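Chemist: Here it is: the structure, laid out below.
Only the coordinates and a few stated rules stand behind these numbers; no lab work does. All values reported here derive from a predicted model rather than from experimental measurement. Cβ sites come from the backbone with ideal geometry, for glycine too, and all protein chains shown count toward neighbours.
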Amino acid sequence: MNAFKPLGPAIALALAACGGSDGGGGIPPPTPVPPACASGLETPRVFANLSFESPVAMKQAPNDASRWFVAEQGGRIRAFENDPDADAAVNFVDLTGRVHADGEAGLLGMAFHPDFAVNGRVYLNFSELVGGQVRSVTAEFTSADGGQTLAPASERVLLTVAKSATNHNGGNLEFGPDGYLYIGLGDGGGSGDPDGNAQDPQRLLGKFLRIDVDAQPGGAPYGIPADNPSAANPLCNVDGTGLQDCPEIFATGFRNPWRWSFDRQNGDLWAGDVGQGSWEEIDLVVLGGNYGWNIREGAHCFEPASGCQTAGLIDPLAEYDHDVGFSITGGYVYRGGQATEVAGRYVFGDFGGMISSLAPDGAGGFDIVEHVPQGCAPEGASGNLQISSFAEDLDGELFLLDFGRGQVHALEFTE
């Protein structure tokens, strides 16, 4: 299946995230296929001397293009020189004894503080198992050696969220252009959001959160931005629930926001939200927005018995059905230096290997342009890719992680 793990725990990261996530089955292993079905895009392997175990995120530290950092689902972050011939990756931090990695659970997100070069602070999201219950943890770690490594003992837990299942974790973390930390959490798992988390304002699951990690008012672990919708209410940081609407919530109604990013040019927040069994969606996330799950899947009524009241819900910018892909992986608006028609478009993918961009349709909406259809192998790849994450370097160029093979590929646009 792949160089690291048999079909099972590793591949279940995306299997459980995709439509039909709550049943059994498996994803067939990547097999070589003719590359001729790709159009306008090549994905050559880069850093070819390196491989990673179930990689889920890759980033550079702010204002430092000298290194890359790859988060592995099992609990390690590996660092290596930004050199095509790099042949060694070292542990930036190893939390394998702390992280519960099973199915979709594991180390899922990392974000460098904007002033990392000065304060050495990094924020991680991961799963832990306490008394048989899975919890989502967002914690701060600090470097004690000038940014070379993170000290596990420096952990400062910001918030924990109790979950009833190992899937639908979300877990991506990013600092916004406003300097606040954004956290994307899934609905907690189970078919159809059985606990009603995504629409419940007193629960953090199924939400985008926004917190101020540079403030600790009254000894609290973080502050709340003043314009968050319920900013004056008590924190929901112990188990992810509250007696009042949670002040951490930025936006509502998500099933499993798997990878999202800010447009480096205008600050727009673009997210891919994994669907249940029929529709994958792309959202432009705004303060106070409600994106519909589990009332709707994409722009379609999910619970007809409820009458599917859509007042106040925000439509996705785009969606696709499971003839196109089965588990969306959010990407980036391309702002790099390549001369391509894709410049300024949102580029995203699917765990099944599809890579597409959104082109304006001239009527205020978007058309999905498939550069690599599902099941194809783009030029430069030995088979169809299992895309767990995209990455953006400091110059705006894009990369992707192949989860099964543990490889890094660049995106090179030919049209």
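Chemist: Rounding to the nearest 20 debye, state how big the charge dipole of segment 110-262 is about its Cα centre with +1 on each Lys and Arg Cβ and -1 on each Asp and Glu Cβ.
Modeler: Values: 9 positive and 17 negative charges, 57 e Å.
Using Cβ point charges on Lys, Arg, Asp and Glu, segment 110-262 gives about 280 debye.
Chemist: Using the Cα centre of the chain as the reference point, and only Cβ charges (+1 on K/R, -1 on D/E), how large is the resulting charge dipole? Debye, rounded to the nearest 20. Don't skip to the answer; put the middle values down first.
Modeler: On the way: 21 positive and 54 negative charges, 195 e Å.
The calculated dipole for the chain is roughly 940 debye.
Chemist: Another one. With each run of n ≥ 4 DSSP H residues scored as -39500 (n - 2.57), what mean residue ellipticity at 222 nm is computed for the chain after dividing by its residue count and rounding to the nearest 500 deg cm²/dmol?
Modeler: Working: 2 runs with 10 residues, N = 415.
The helix contribution divided over the chain gives -500 deg cm²/dmol.
Chemist: For segment 265-304, what class follows from the C-alpha gyration tensor (a ≥ b ≥ c being the square roots of its eigenvalues): rounded when a/c is under 1.5, otherwise prolate if a/b is larger than b/c, else oblate? Could the numbers behind the result be given before it?
Modeler: Numbers: a/c = 3.82, a/b = 1.89, b/c = 2.02.
Note, shape of segment 265-304 comes out oblate.
Chemist: Still on this structure, please answer the following. Convex hull over the Cα atoms of segment 334-415, averaged projected area in nm²? Before the final figure, lay out each step's value.
Modeler: Values: hull surface 21.8 nm².
Computing the convex hull of the Cα atoms and averaging its projections yields 5.4 nm².
Chemist: Per 10 Å bin from zero, what fraction in whole % of the C-alpha pairs of segment 56-166 is there, up to the bin with the longest pair?
Modeler: Pair shares across the bins are 15, 47, 29, 9, 1.
Chemist: So how strong a dipole does segment 76-198 carry about its Cα centre when Lys and Arg Cβ are +1 and Asp and Glu Cβ are -1, to the nearest 20 debye?
Modeler: Working: 7 positive and 17 negative charges, 84 e Å.
So the magnitude is around 400 debye.
Chemist: Let me ask something else. Across the Cα atoms of segment 108-200, what radius of gyration and what greatest pairwise Cα-Cα distance (Dmax) are found, in Å?
Modeler: 14.8, 46
Chemist: What percent antiparallel are the DSSP beta bridges of the chain, to the nearest 5?
Modeler: Bridges in the chain are about 100 percent antiparallel.
Chemist: Additional query: Charges on Cβ only, +1 for Lys and Arg, -1 for Asp and Glu, centred on the Cα centroid of segment 319-387; of HIS371, THR340, PHE326, which one is farthest towards the dipole's positive end?
Modeler: Positive-end residue among those listed: THR340.
Chemist: Please list, ordered by chain and number, the residues whose modelled amide H lies under 5 Å from the amide H of GLY109; skip anything fewer than 5 residues away on the same chain.
Modeler: ASN125
Chemist: Alpha carbons only, please: Rg and Dmax for segment 56-100, in angstrom.
Modeler: Radius of gyration, then largest Cα-Cα span, for segment 56-100: 11.1, 33 Å.
Chemist: While we're here: Just want the answer: with Cβ charges of +1 for Lys and Arg and -1 for Asp and Glu, which residue in SER143, ALA162, ASN172 is farthest toward the dipole's positive end in segment 129-182?
Modeler: Of the options given, the answer is ALA162.
Chemist: Based on alpha-carbon centroids, what's the gap between segment 217-236 and segment 76-109 in Å, whole number please?
Modeler: 32
Chemist: Need the C-alpha centroid separation for segment 290-304 versus segment 325-365, integer Å.
Modeler: The distance from the Cα centre of segment 290-304 to that of segment 325-365 comes to 23 Å.
Chemist: Can you tell me what percent of all Cα-Cα pairs in the chain are more than 26 Å apart? Walk me through the numbers on the way to the answer.
Modeler: On the way: 42534 of 85905 pairs.
Result for the distance tail: 50 percent.
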